[in-house]
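The values are calculated or read from the model by the stated rules, or taken from the named source; none is laboratory data. For clarity, every value in this text was computed on a predicted model and none was experimentally measured. Neighbour counts run over all protein chains shown; Cβ positions are idealised from the backbone, glycine included. What goes into the accessible areas is simple: the full protein's heavy atoms, side chains included, and nothing from ligands, DNA or RNA. Shrake-Rupley method; radii C 1.70, N 1.55, O 1.52, S 1.80 Å.
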Amino acid sequence: MAFMEKPPAGKVLLDDTVPLTAAVEASQSLQSHTEYIIRVQRGISTENSWQIVRRYSDFDLLNNSLQIAGLSLPLPPKKLIGNMDREFIAERQRGLQNYLNVIMANHVLSNCELLKKFLDPNNYSANYTEIALQQVSMFFRSEPKWEVVEPLKDIGWRIRKKYFLMKIKNQPKERLVLSWADLGPDKYLTDKDFQCIIKLLPSCVHPYIYRVTFATANESSALLIRTFNEKGTLKDLIYKAKPKDPFLKKYCNPKKTQGLELQQIKTYGRQILEVLKFLHDKGFPYGHLHAANVMMDGNTCRLLDLENSLLGLPSFYRSYFTQFRKINTLESIDVHCFGHLLYEMTYGRPPDSVPVDSFPPAPSMAVVAVLESTLSCEACKNGMPTVSRLLQMPLFSDVLLTTSEKPQFKIPTKLKEALRIAKECIEKRLIEEQKQIHQHRRLTRAQSHHGSEEERKRRKILARKKSKRSAVENSEEQPVKHNSNNSGSGASSPLTSPSSPTPPSTAVEHAPL
């Protein structure tokens with residue numbers, strides 16, 4: 001087949017989920033406008049930062065593009081007269097900083113392509129839809145039975161994963177969806193093993209996995225085809241959204257959301273846990289559970305996107321679990337992500353922050369018990385329960401599942417070993433990142449404490465006491481030294497001056513994570 005043979009030159013394997021922070025550092029006035037100098041940083045390392053220059057019109061353009069999300073964002077208003085005054089520019093600079101802070105505090109907006117292009121044009125200048133179309137077109141040269149109906153623009157959150165509505169030429173009424181995805185930073189399988197495992201996915205049969213019709217891959221990307229489901233995903237059900245609408249429009253600020261009935265929570269939760277256990281027992285890494293990756297088929301949940309971990313794509317919730325060192329395996333990631341999903345099923349929205357200190361009233365205390373075991377401060381600090389443990393909890397233990405479809409997914413021994421090694425590599429990178437974040441937090445806390453007003457006062461008091469003690473000790477030593485000099489030794493010793501107090505070190509300011 002004529003699918004692209006080699007990865008494109010200069011390929012960047014960025015982790016798109018690493019948070020960007022932005023500080024409006026300064027402004028400069030030119031002839032008729034003002035430019036704002038912004039320091040952008042990826043992750044916690046100040047070495048991984050750069051400057052960009054943006055006008056107010058650039059912010060306005062970004063804001064107009066983000067209107068699809070349906071949020072009221074605090075962009076400072078335009079001003080035609082007096083917009084070059086120094087005080088006004090300083091006030092606007094503060095307003096633009098607040099605007100960026102609000103966007104980056106929103107989990108969906110902070111990961112969207114529009115913001116990435118605004119803050120990091122060097123790494124996000126490509127037209128990913130055009131790249132996907134080129135590769136899909138090359139594939140269809142040797143597979144003429146498929147035909148693209150239309151791009152499904154921005155229906156997913158990933159920047160480097162694109163979707164197309166498809167049909168088979170001799171079956172024009174049947175609709176399918178093609179997904180094309182680039183490789184991610186956690187792709188550790190060899191090219192040969194990667195392509196073999198991708199091609200195995202259509203053979204995976206499970207009552208709670210959404211079937212793959214066709215799958216193929218090369219050294220740089222993968223292409224999969226599934227049946228298009230008009231009813232959409234579990235997230236579409238919760239948010240009452242249309243599957244074809246853009247991700248930002250569907251999920252960022254939905255007008256109608258509603259938690260599910262208790263029986264639905266119990267049934268859907270049990271089905272999802274059963275398929276997670278199946279994958280864990282097979283040694284097949286997942287790590288990508290969220291409500292938009294669960295397809296609804298009647299009253300049955302079917303898991304999507306098993307290929308994500310093989311491609312090395314980072315998880316939707318990665319920026320959450322990198323904060324907790326006890327969530328360091330793909331199994332524990334699945335359990336933590338299940339907590340997020342259960343919260344959404346229960347309350348019709350994601351949690352405001354994680355860990356969750358207290359939970360709103362739920363249809364049953366059994367729901368709260370599972371949420372506490374996966375999202376509470378204690379759980380995030382001490383570690384996640386196993387999937388088997390969740391299945392034994394009262395919320396799910398009495399759910400009866402009736403299905404005649406026998407699970408089947410045969411993975412050759414050699415590929416199982418390759419998956420095990422790849423899984424260990426994914427977890428190793430995660431653990432290293434968690435360690436760095438933990439050390440950074442400790443350093444930031446220490447610097448914040450050291451530079452606090454209370455700590456500076458304490459050090460000044462200690463320095464004065466030390467200075468006084470030193471002066472007293474020196475005054476007591478002088479007569480002794482005088483007598484010693486009169487003894488005829490001929491040697492004179494200079495007086496010891498009081499030691500100077502150590503000036504307080506300046507605390508280093510860090511942008512919020």
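The set of residues in the stretch 354-407 that are among the charged types (D, E, K, R) and under 22 Å from the mean Cα position of the chain (by Cα) comprises 357, 372, 378, 381. Can residue 329 be described as in contact (Cβ under 8 Å) with a residue 60 or more places away in the chain and polar (S, T, N, Q)? For residue 329, the condition - in contact (Cβ under 8 Å) with a residue 60 or more places away in the chain and polar (S, T, N, Q) - is met. Being crowded, with 16+ Cβ neighbours inside 10 Å and in contact (Cβ under 8 Å) with a residue 60 or more places away in the chain is a property that residue 62 lacks. Among the residues making up the stretch 386-407, those that are open to solvent by 90 Å² or more (accessible area, probe 1.4 Å) and either modelled with pLDDT of 95 or more or on the phi > 0 side of the Ramachandran plot (or both) are 389, 392, 394. Take the conditions over 28 Å from the mean Cα position of the chain (by Cα) and of a type in the set (Asp, Glu) and apply them to residue 113. Does it pass? So residue 113 does not fit the description; no.
Could you list, in sequence order, the residues of the stretch 111-161 that are without any contact (Cβ under 8 Å) to a residue 60 or more places away in the chain, in contact with a Lys or Arg (Cβ under 8 Å, 6 or more places away or on another chain) and assigned to a loop (DSSP other than H, G, I, E, B)? Residues satisfying the conditions are 124, 125, 144, 145.
Before we move on, is residue 410 in a loop (DSSP other than H, G, I, E, B), open to solvent by 90 Å² or more (accessible area, probe 1.4 Å) and more than 30 Å from residue 314 (Cβ to Cβ)? Full working, then the answer.
On the way: in a loop (DSSP other than H, G, I, E, B): yes; open to solvent by 90 Å² or more (accessible area, probe 1.4 Å): yes; more than 30 Å from residue 314 (Cβ to Cβ): no.
No; evaluated as a whole, the condition is false for this residue.
Checking each residue in the stretch 317-356 for being in a loop (DSSP other than H, G, I, E, B), among the aromatic types (Phe, Trp, Tyr) and either in contact with a Gly (Cβ under 6 Å, 6 or more places away or on another chain) or buried (at least 24 other Cβ atoms within 10 Å of the Cβ) (or both) picks out no residue at all. Take the conditions (1) surrounded by 15 or more Cβ atoms within 10 Å (Cβ to Cβ); (2) outside any helix (DSSP H, G or I); (3) not charged (D, E, K, R); residue 360 misses just one of them, which is (1). The criterion of at least 1 residues that are surrounded by 18 or more Cβ atoms within 10 Å (Cβ to Cβ), in contact (Cβ under 8 Å) with a residue 60 or more places away in the chain and among the small types (Gly, Ala, Ser) is met by the following helices (runs of 4 or more DSSP H) wholly inside the stretch 176-289: 262-282.
Candidates in the stretch 26-61 are the residues that are acidic (Asp, Glu) and modelled with pLDDT of 95 or more; of these, the one that is nearest to residue 123 (Cα to Cα) is 58. Given the condition farther than 21 Å from residue 303 by Cα and under 25 Å from the mean Cα position of the chain (by Cα), answer yes or no: does some residue in the stretch 192-205 qualify? No: the stretch 192-205 contains no residue that is farther than 21 Å from residue 303 by Cα and under 25 Å from the mean Cα position of the chain (by Cα). Taken over the stretch 293-311, the criterion of being at pLDDT 95 or above and assigned to a loop (DSSP other than H, G, I, E, B) is satisfied by 304, 305, 306.
The set of residues in the stretch 415-432 being surrounded by fewer than 18 Cβ atoms within 10 Å (Cβ to Cβ), in contact (Cβ under 8 Å) with a residue 40 or more places away in the chain and either assigned to a loop (DSSP other than H, G, I, E, B) or not aliphatic (A, V, I, L, M) (or both) consists of 416, 420, 425, 429. Only residues that are farther than 14 Å from residue 224 by Cα, open to solvent by less than 30 Å² (accessible area, probe 1.4 Å) and touching a helix residue (DSSP H, G or I) at 6+ places or on another chain (Cβ under 7 Å) were counted across the stretch 120-154, and they come to 1.
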